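Quick notes on the structure that follows.
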There are 2 protein chains.
Amino acid sequence: MNGAPAAMDPIRRLCVIGVGLIGGSLARALRAAGHCGEIVGCGRGLHNLQRAVELGVIDRFETDPAVAARGADMVVLSVPLGAFRSVFAALLNHLADDAVVTDAGSAKQCVVDDVRSVFGMIPPFFVPGHPISGTEQSGVDASFAELFQGRRVILTPLAETSGHAHGRVQTMWTRAGADVVDMGVRHHDEVLAATSHLPHVLAYSLVDTLARMDDRAEIFRYAAGGFRDFTRIASSDPVMWRDICLANREPVVAALDAFGQNLGLLADAIREGDGERVLSVFEHSKRSRDNLYRE
Amino acid sequence: MNGAPAAMDPIRRLCVIGVGLIGGSLARALRAAGHCGEIVGCGRGLHNLQRAVELGVIDRFETDPAVAARGADMVVLSVPLGAFRSVFAALLNHLADDAVVTDAGSAKQCVVDDVRSVFGMIPPFFVPGHPISGTEQSGVDASFAELFQGRRVILTPLAETSGHAHGRVQTMWTRAGADVVDMGVRHHDEVLAATSHLPHVLAYSLVDTLARMDDRAEIFRYAAGGFRDFTRIASSDPVMWRDICLANREPVVAALDAFGQNLGLLADAIREGDGERVLSVFEHSKRSRDNLYRE
């Protein structure tokens with residue numbers, strides 16, 4: 001790599017494709033950390049990009065990924081998973097020699113499949129990644145520099161991934177405040193299906209179920225604080241979550257099946273008035289969660 | 001009613017049976033509002049009762065409901081639903097002439113059945129009630145005077161309920177800061193099954209499902225902010241919630257069935273890669289929730 005920046009060097013020009021909650025927050029965090037020079041945004045929503053410039057999140061924007069990535073030594077994809085393939089296709093043959101490419105997609109096998117099918121191989125400069133953070137908000141207005149502070153970022157480097165690219169991406173997320181860990185692609189997708197994708201599907205389905213009931217006006221009127229927290233993630237971006245569910249289909253369906261089966265047993269216990277069985281599930285659950293969030 | 005207090009009069013002696021989050025918060029709120037004289041607590045956990053005295057939530061306590069209710073013009077049951085019948089039995093023939101009795105149970109038909117079976121009738125002095133508030137915390141240490149501020153309390157008075165008792169209970173909750181509304185027993189139980197009991201069962205079942213997976217350590221390690229909010233209610237008191245599920249069994253099972261069916265359709269859509277159907281559910285859900293919490 002002739003003259004390529006070392007792993008710890010600041011980013012010369014960052015190209016963020018998809019300047020939403022994640023992309024915008026990463027740009028803000030790296031700017032605040034003094035870890036990058038110019039920041040070029042790219043996306044399809046002109047209004048959002050203009051707003052990103054106004055907010056000082058990006059220096060300028062382009063709507064064509066090929067133009068946006070010109071001369072960038074770090075390119076981050078933070079668009080819905082359904083858009084990855086077309087972004088990769090646009091980037092093909094337009095990346096700088098020293099460009100490292102990474103992403104913030106919530107599922108990783110689909111991203112690896114997309115990059116392989118577009119590039120005909122796993123490019124050594126590509127490091128699949130996933131910051132475990134976010135809120136139900138979306139768009140650049142929701143972004144903030146502290147989003148990744150103390151949060152985990154999972155990288156799923158492949159055999160083909162260069163150590164240099166891996167190091168550059170590790171440094172970037174570390175400078176953004178995150179704890180970076182490596183994981184296998186398949187393992188990532190299964191863990192996230194259980195812990196993130198499944199709860200989103202349940203929250204969406206619950207609100208949808210209630211909103212279809214004849215009584216819905218009354219039902220929503222008497223929703224208490226617990227309901228607000230429980231359904232918060234049902235206010236997340238529907239397109240992003242549709243893409244996640246389809247892209248990570250197999251693990252998501254497996255998690256849904258496991259949940260459905262377990263819920264069915266619990267419903268049976270309630271139906272049969274089996275208080276002992278109901279209590280044991282509730283106690284096991286409370287114990288597990290309390291252990292998880294014991295401060 | 002010879003010399004009985006008028007609907008708007010302060011409570012002379014309040015007897016709170018079950019000095020936990022709800023009972024303790026009610027005592028604190030009424031004290032703060034100057035709406036009651038002496039407050040007598042009752043319960044089975046001696047430590048909790050002593051703590052309630054230390055905190056100034058109650059003036060003194062008794063462990064026998066019959067003794068605790070002596071001379072009280074307002075008796076509030078805020079124990080798990082499974083304990084109602086034995087408390088009613090203990091109170092029988094030990095209530096003051098001017099006593100009004102109400103409760104804070106999360107289901108109402110079961111309470112009405114219990115009171116009827118113990119008293120042989122619906123006593124005119126009994127007003128079934130349910131404050132729509134609470135947190136995942138329990139015990140008197142979690143109680144606070146502002147818990148009911150701006151929250152709704154649903155009363156489900158029956159044909160037999162005296163207007164005087166109804167008025168006394170309305171005044172009590174209003175003075176505690178709540179908005180009081182009336183509703184039919186059956187309607188209450190169906191609405192709450194959908195909006196409160198169903199989400200609790202789902203949260204418990206989700207955490208239980210994940211905690212049974214081989215990968216559970218990893219799964220919980222990578223749980224993000226959304227998971228914490230989504231599962232908060234799974235840290236609620238298991239005994240209280242077992243009792244609610246069994247006491248309100250029929251509406252809870254009906255809500256679970258409706259949810260299970262809807263979730264099954266969504267799972268099919270994901271399995272089949274039907275993005276349009278998945279997106280329409282997610283969009284409908286987001287729209288419904290955003291409307292609900294539009295500030």
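Only one of the numbered conditions (1) out of contact with any His (no Cβ under 9 Å at 6 or more places or on another chain); (2) surrounded by 23 or more Cβ atoms within 10 Å (Cβ to Cβ); (3) of a type in the set (D, E, K, R) is violated by A:Arg12, and that is (2). For segment B:265-295, the set of residues classified as within 13 Å of A:Leu202 (Cα to Cα), at the interface with chain A (Cβ under 7 Å from one of its Cβ atoms), under 34 Å from the mean Cα position of the chain (by Cα) and not hydroxyl-bearing (Ser, Thr, Tyr) consists of B:Leu266, B:Ala267, B:Val281, B:Phe282, B:Lys286, listed by residue number.
From the list A:Ala224, A:Ala247, A:Ala254, which residue is outside the structural domain of A:Gly20 (by TED's automatic domain parsing), aliphatic (A, V, I, L, M), more than 15 Å from B:Leu206 (Cα to Cα) and touching a residue at least 40 places away in the same chain (Cβ under 8 Å)? It is A:Ala247.
Applying the condition of being among the small types (Gly, Ala, Ser) and surrounded by fewer than 24 Cβ atoms within 10 Å (Cβ to Cβ) to segment A:205-217 and asking which residue is nearest to the other protein chains (Cβ to nearest Cβ) yields A:Ala211.
A:Phe220 - would you say it is facing chain B (nearest Cβ under 7 Å), of a type in the set (A, V, I, L, M, F, W, C) and touching a Pro at 6+ places or on another chain (Cβ under 8 Å)? Taking the combined requirement at face value, the residue does not satisfy it. The listed residues are B:Val87, B:Val115, B:Val127, and the only one of them that is in contact (Cβ under 8 Å) with a residue 60 or more places away in the chain and under 26 Å from B:Arg151 (Cβ atoms) turns out to be B:Val87.
Annotation note: of B:Ala269, B:Ala255, the sole residue that is at pLDDT 95 or above and more than 20 Å from A:Asp215 (Cβ to Cβ) is B:Ala269. Within the set A:Ala89, A:Ala107, A:Ala165, A:Ala145, the sole residue that is in contact with a helix residue (DSSP H, G or I) (Cβ under 9 Å, 6 or more places away or on another chain) and not in a loop (DSSP other than H, G, I, E, B) turns out to be A:Ala89.
For segment A:225-243, does any single residue satisfy the condition of being over 20 Å from B:Gly264 (Cα atoms), of a type in the set (S, T, N, Q) and either more than 7 Å from every other protein chain (Cβ to nearest Cβ) or out of contact with any Pro (no Cβ under 7 Å at 6 or more places or on another chain) (or both)? Yes. On the stretch given as segment A:59-78, residues that are closer than 14 Å to A:Gly18 by Cα, buried (at least 18 other Cβ atoms within 10 Å of the Cβ) and over 20 Å from the mean Cα position of the chain (by Cα) total 3.
Within the span defined as segment B:186-198, one or more residues are surrounded by fewer than 19 Cβ atoms within 10 Å (Cβ to Cβ), more than 7 Å from chain A (Cβ to nearest Cβ), over 30 Å from A:Arg151 (Cα atoms) and not aromatic (Phe, Trp, Tyr). In segment A:79-110, the qualifying residues are those that are surrounded by fewer than 24 Cβ atoms within 10 Å (Cβ to Cβ) and of a type in the set (Gly, Ala, Ser), and the one that is farthest from A:Gly18 (Cα to Cα) is A:Ala96. Taking segment A:2-42 as the range and being on the phi < 0 side of the Ramachandran plot, assigned to a loop (DSSP other than H, G, I, E, B) and not acidic (Asp, Glu) as the test, the residues that pass are A:Asn2, A:Ala4, A:Pro5, A:Ala6, A:Ala7, A:Met8, A:Pro10, A:Val19, A:Gly20, A:Ala33, A:His35. Reported count of residues in segment B:244-258, each being more than 7 Å from every other protein chain (Cβ to nearest Cβ) and under 18 Å from B:His130 (Cβ atoms), is 6. Candidates A:Val180, A:Val127: the one that is within 14 Å of chain B (Cβ to nearest Cβ) and modelled with pLDDT of 95 or more is A:Val180. The residue pairs whose first member lies in segment B:140-156 and is more than 11 Å from every other protein chain (Cβ to nearest Cβ) and surrounded by fewer than 16 Cβ atoms within 10 Å (Cβ to Cβ), whose second member is in a loop (DSSP other than H, G, I, E, B) and modelled with pLDDT of 95 or more, and whose beta carbons are closer than 6 Å, counting only pairs six or more residues apart or on different chains, are B:Gln149/B:Gly177. The numbered conditions (1) at pLDDT 95 or above; (2) part of a loop (DSSP other than H, G, I, E, B); (3) not charged (D, E, K, R) are all true for B:Ala223 except (1).
The values are calculated or read from the model by the stated rules, or taken from the named source; none is laboratory data. Just so it is clear, the structure is predicted and the values come from calculations on it, not from any experiment. Neighbour counts run over all protein chains shown; Cβ positions are idealised from the backbone, glycine included.
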